[in-house]
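**Student:** Structure incoming, see below.
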Amino acid sequence: ESITVAELANRMALRQGEVIKSLMKMGVMATATQSIDADTAELVIEEFGHRVRRVAESDVEIGIEGVEDNEADLKPRAPVVTIMGHVDHGKTSLLDALRTTDVAAGEAGGITQHIGAYQVTVPSGAKITFIDTPGHEAFTSMRARGASVTDVVVLVVAADDGVMPQTIEAIRHAKAADAPIIVAINKIDKPGANPDRVRQELLSHEIVVEAMGGDVQDIEVSALKRTGLDKLEEAILLQAEILDLKANPSRVAEGSVIESRLDRGRGPVATVLVQKGTLNRGDIVVAGAEWGRVRAMLDDRGRQLKEAGPSMPVELLGVAGVPGAGEPFVVVENENRAREISEFRQRKLREKAAATQTAARGTLDQMLARIQAGEQKEVALLIKADVQGSAEAIKASVQKLEHEEVGIRVLAASVGQITESDVQLAKASNAIIVAFNVRATSQAREMAQREEVDIRYYSIIYQVTDDVEQLVKGKIAPKH
Ligand code: GDP
């Protein structure tokens with residue numbers, strides 16, 4: 001598989017001549033339109049100080065998502081925020097309220113529409129992008145597809161209700177994704193509001209807010225009365241500053257699909273989040289396994305845009321089909337290239353579907369294979385036990401098995417039967433579920449089978465550590 005010199009140069013934001021010169025030094029004579037193989041491309045990429053991320057067996061993808069940017073080309077970008085929390089705690093209300101804080105909206109007006117994400121400009125001129133689908137399901141399913149779009153999680157907790165089961169789930173999902181949390185204590189206007197109780201309750205879930213001497217920002221808000229919204233936005237921007245979020249706007253665009261649907265009048269419509277580079281009208285894009293030329297780009301107020309830079313969500317018209325949420329999109333140099341990648345991905349999808357049908361092999365074997373291939377450097381585990389003492393004991397003993405080449409990551413160690421949420425979390429993090437003296441609900445079992453998540457049942461701790469040790473050594477024998 002190969003890439004043209006022109007596209008390689010494009011990916012690195014270099015002039016074609018520079019790439020051609022570098023190739024000549026290696027004894028390779030090529031013109032801009034000629035293709036070079038992946039190994040040579042990799043050498044060139046490294047020569048220019050970029051890093052290469054090779055996508056498994058698919059050399060076709062080299063140079064597409066493969067090239068990292070130079071530090072000097074990076075510019076600050078807006079944070080991307082997902083709102084999570086328990087049902088009825090006000091996620092949707094807060095998203096609606098925050099949208100009205102957009103100072104750039106005024107003049108143009110326009111009716112807001114749900115396109116999956118929107119961006120607001122605050123009075124200082126700073127921008128924040130909000131993913132307009134609250135809750136952890138979308139967040140986690142995107143992560144399961146490899147997309148990491150969220151920089152900051154705003155955890156909404158109703159001040160009259162306190163920490164509830166989905167609050168705890170949201171915390172786990174945010175932590176598994178390594179996304180920093182900001183707590184929005186909502187419904188502060190209500191007579192029964194008790195924000196201090198929320199702060200107190202969060203302590204037992206390892207969220208220590210600033211008011212309790214910790215470093216998680218907590219902001220009191222009322223989505224209904226629209227109070228505290230400016231403070232919440234300030235907190236998000238402060239967090240963004242700490243994260244030092246940057247992207248290179250001067251390159252061809254890459255990003256992730258947020259949502260997509262088939263519109264009766266307009267055909268396939270996909271909302272994408274630009275994560276690197278700038279997307280222009282007329283660009284040829286590949287989104288998931290679909291491709292097309294960008295015919296129009298619209299924001300959440302239906303305004304036409306000519307271009308969209310990093311962290312900007314836009315609704316795209318022109319892609320031939322409906323790509324899945326969480327799938328990557330990328331701009332390519334021409335239609336042939338787009339067709340090639342799209343066909344390649346369609347083939348991979350078919351192969352994957354066939355493989356899933358023949359056998360759910362379980363992630364333990366897959367994880368082993370990835371570790372042996374050097375693609376995975378850590379063993380991820382989700383521990384569920386009958387009592388907290390066992391969960392903690394297992395966590396402590398497996399963590400001791402960490403090896404300099406293979407890390408061990410315990411996503412969570414908690415008590416209770418295995419639920420669909422656990423399976424979702426394990427799926428998103430490529431983790432194995434360790435079930436110690438507990439069972440899975442039938443829905444969770446079905447989901448695990450469907451999603452190829454391995455649930456391992458144990459009743460003796462050393463059997464857990466044995467298995468993990470084998471995994472770390474990359475030598476475990478398949479159990480099937
Ligand atoms: P979601 O399920 O988390 O998306 O919650 P919703 O946004 O749908 O809100 C659930 C209910 O709480 C609705 O009846 C809202 O009107 C109400 N609600 C949301 N925010 C506030 C608030 O700040 N104050 C009060 N009093 N009610 C709120």
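Every residue, every condition in (1) surrounded by fewer than 20 Cβ atoms within 10 Å (Cβ to Cβ); (2) under 30 Å from Val453 (Cβ atoms); (3) within 16 Å of the ligand (Cβ to nearest atom), yes or no:
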residue	(1), (2), (3)
Asp88	yes, yes, yes
Ala104	yes, no, no
Thr121	yes, no, no
Thr129	no, no, no
Thr133	no, yes, yes
Gln166	yes, yes, yes
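**Student:** Looking only at strands (runs of 3 or more DSSP E) that fall completely inside the range 241-326, which ones have 3 or more residues that are of a type outside the set (Val, Ile, Thr)? Spell out the reasoning first.
**Tutor:** Numbers: elements: 254-263, 267-276, 284-287, 290-298, 313-319.
Passing ranges, in order: 254-263, 267-276, 290-298, 313-319.
**Student:** Among the residues that make up the range 71-78, is at least one of them outside any strand (DSSP E or B), touching a residue at least 24 places away in the same chain (Cβ under 8 Å) and within 15 Å of Ala235 (Cβ to Cβ)?
**Tutor:** Yes: one or more hits.
**Student:** Can you say whether Ser421 is outside any loop (DSSP other than H, G, I, E, B) and more than 15 Å from Tyr457 (Cα to Cα), as far as the supplied structure shows? Please lay out each step first, then the result.
**Tutor:** Working: outside any loop (DSSP other than H, G, I, E, B): yes; more than 15 Å from Tyr457 (Cα to Cα): yes.
Here the answer is yes, as Ser421 does meet what is asked.
**Student:** Between Ala440, Ala396, Ala435, Ala431, which is out of contact with any Cys (no Cβ under 7 Å at 6 or more places or on another chain) and within 19 Å of Phe139 (Cβ to Cβ)?
**Tutor:** Ala431
**Student:** Which of the residues that make up the range 153-164 are open to solvent by less than 10 Å² (accessible area, probe 1.4 Å) and either within 11 Å of the ligand (Cβ to nearest atom) or under 24 Å from Glu233 (Cβ atoms) (or both)?
**Tutor:** Val153, Val154, Leu155, Val156, Val157, Ala158, Ala159
**Student:** Next question, about the same structure. Identify, by number, the condition in (1) touching a strand residue (DSSP E or B) at 6+ places or on another chain (Cβ under 7 Å); (2) within 16 Å of the ligand (Cβ to nearest atom); (3) under 20 Å from Thr271 (Cα atoms); (4) β-branched (Val, Ile, Thr) that Thr150 doesn't meet.
**Tutor:** Checking Thr150 against (1) touching a strand residue (DSSP E or B) at 6+ places or on another chain (Cβ under 7 Å); (2) within 16 Å of the ligand (Cβ to nearest atom); (3) under 20 Å from Thr271 (Cα atoms); (4) β-branched (Val, Ile, Thr), the one that fails is (2).
**Student:** Quick one: in the range 1-42, which of the residues that are over 15 Å from Arg337 (Cα atoms) and of a type in the set (Asp, Glu) is least open to solvent (accessible area, probe 1.4 Å)?
**Tutor:** If we take residues in the range 1-42 being over 15 Å from Arg337 (Cα atoms) and of a type in the set (Asp, Glu), then Glu42 is least open to solvent (accessible area, probe 1.4 Å).
**Student:** How many of the residues in the range 267-290 are touching a helix residue (DSSP H, G or I) at 6+ places or on another chain (Cβ under 6 Å) and within 13 Å of Val332 (Cβ to Cβ)?
**Tutor:** Residues in the range 267-290 being touching a helix residue (DSSP H, G or I) at 6+ places or on another chain (Cβ under 6 Å) and within 13 Å of Val332 (Cβ to Cβ): 2 in total.
**Student:** For the range 189-232, name all the residues that are within 16 Å of the ligand (Cβ to nearest atom), open to solvent by less than 60 Å² (accessible area, probe 1.4 Å) and touching a helix residue (DSSP H, G or I) at 6+ places or on another chain (Cβ under 8 Å).
**Tutor:** Those that are within 16 Å of the ligand (Cβ to nearest atom), open to solvent by less than 60 Å² (accessible area, probe 1.4 Å) and touching a helix residue (DSSP H, G or I) at 6+ places or on another chain (Cβ under 8 Å): Asp218, Ile219, Val221, Ala223, Leu229, Leu232.
**Student:** Moving to a separate point now. Give the range 384-411 a look and list any residue that's buried (at least 18 other Cβ atoms within 10 Å of the Cβ), under 17 Å from Tyr458 (Cα atoms) and not β-branched (Val, Ile, Thr), or say none.
**Tutor:** Lys384, Ala385, Ser390, Ala391, Lys395
**Student:** Filtering the range 173-188 down to residues that are at negative phi and open to solvent by 40 Å² or more (accessible area, probe 1.4 Å), which residue is modelled with the lowest pLDDT?
**Tutor:** Lys175
**Student:** Exactly one condition in (1) among the aliphatic types (A, V, I, L, M); (2) more than 27 Å from Met142 (Cα to Cα); (3) at pLDDT below 85 is not met by Leu368; state its number.
**Tutor:** (2)
**Student:** Hey, can you tell me all the residues within the range 301-327 that are acidic (Asp, Glu), surrounded by 19 or more Cβ atoms within 10 Å (Cβ to Cβ) and at pLDDT 95 or above?
**Tutor:** Glu315
The values are calculated or read from the model by the stated rules, or taken from the named source; none is laboratory data. Because the structure is a prediction, the values reported are computed rather than measured. Here Cβ is always computed from backbone atoms with ideal geometry, including for glycine, and neighbour counts include all displayed protein chains. Ligands, DNA and RNA are stripped out before the accessible areas are found, and what is left, the full protein with its side chains, is counted by its heavy atoms. Shrake-Rupley method; radii C 1.70, N 1.55, O 1.52, S 1.80 Å.
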